[in-house]
Amino acid sequence: MWGAYGPPERRPVLREAILKLDADLLLLQEANVPGLLESLPYPAHLHFPEAGLAILSRFPILNSREVRYSIPSALEPHLIRGALLAQINTGSFQIQTVSTHLAWKADDGGTRLAQVEELLALAAGLPEAFLLGGDLNAPPTDPPARRIIAGGFTDLYARLSPGDAGITWDNRNPFIQSHSVQFPDRRIDYLFLRDPSARLTPTRCEVACRTPTAEGLYPSDHYGVLAHFQL
């Protein structure tokens, strides 16, 4: 969601893009956008402001937990990285959800992988279907995404849109061009599912929130990922 960055006039664009999704569940990163979370019509709100994470749900949230990763990054010591977990009640069964945001600097791959290991340790003791959404700051070929998949999760975009790059970091977006560090176009934002009981059937996964206004304003610097499920 890019926090408080960018021009203030992009914030209503971001809000409208989120409302247009009509999603039942939002797993958000860099969610400290002034006034935005409170304005979204979701009955269940969780916000972990120190880590910039939020979960908004139309389903009841049974319990939640904020986790700070124990290994800080030497390259971004001022930032708190962590995970926000919520147990969701769909009415017929429960789903464990988590929103996370990993270290971002190119030379910080070791920290990203350590953060993933902490996340997988949290997931290991949870029996429910587990939906993980996050900005990994790494493409699918890098260790973080590969390690999550090795830990029993399915990369929903790779499964449902095979052969499509699914770019979420797009250099055509002028907000990307304003960043001090440049990266190539890549997919670094994900939805992962672990569901041994097969109660959630993913039917579609797509890149979302990537259309600018007529004035050229994008909702954010990243694009989002939207998945559809049959319960």
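The values are calculated or read from the model by the stated rules, or taken from the named source; none is laboratory data. Everything numeric here is computed off the predicted structure, so don't read it as measured data. Cβ coordinates were reconstructed from backbone atoms using ideal geometry, including for glycine residues, and neighbour counts include every protein chain displayed.
Tabulated results
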item	result
Qualifying residue in the stretch 207-221 (condition: in a strand (DSSP E or B), surrounded by 14 or more Cβ atoms within 10 Å (Cβ to Cβ) and in contact (Cβ under 8 Å) with a residue 24 or more places away in the chain)	yes
Odd one out for Gln182, checked against (1) over 16 Å from Met1 (Cβ atoms); (2) out of contact with any helix residue (DSSP H, G or I) (no Cβ under 9 Å at 6 or more places or on another chain); (3) at pLDDT below 95	(2)
Some residue of the stretch 129-143 being modelled with pLDDT under 95 and surrounded by fewer than 20 Cβ atoms within 10 Å (Cβ to Cβ)	no
Residue in the stretch 187-197 that is surrounded by fewer than 17 Cβ atoms within 10 Å (Cβ to Cβ), modelled with pLDDT under 95 and in a loop (DSSP other than H, G, I, E, B) present	yes
Filter result for the condition that a residue is within 24 Å of Ser178 (Cβ to Cβ) and not in a helix (DSSP H, G or I), over Ala23, Ala31	Ala31
Filter result for the condition that a residue is surrounded by 21 or more Cβ atoms within 10 Å (Cβ to Cβ), in contact with a strand residue (DSSP E or B) (Cβ under 8 Å, 6 or more places away or on another chain) and not hydroxyl-bearing (Ser, Thr, Tyr), over Ile148, Ile167	Ile148
Criterion: more than 17 Å from the chain's Cα centre (by Cα), at pLDDT 95 or above and assigned to a loop (DSSP other than H, G, I, E, B) - qualifying residue of Pro72, Pro41, Pro77	Pro41
Which numbered condition Ser161 fails, given (1) out of contact with any strand residue (DSSP E or B) (no Cβ under 8 Å at 6 or more places or on another chain); (2) surrounded by fewer than 19 Cβ atoms within 10 Å (Cβ to Cβ); (3) in contact (Cβ under 8 Å) with a residue 24 or more places away in the chain; (4) among the small types (Gly, Ala, Ser)	(1)
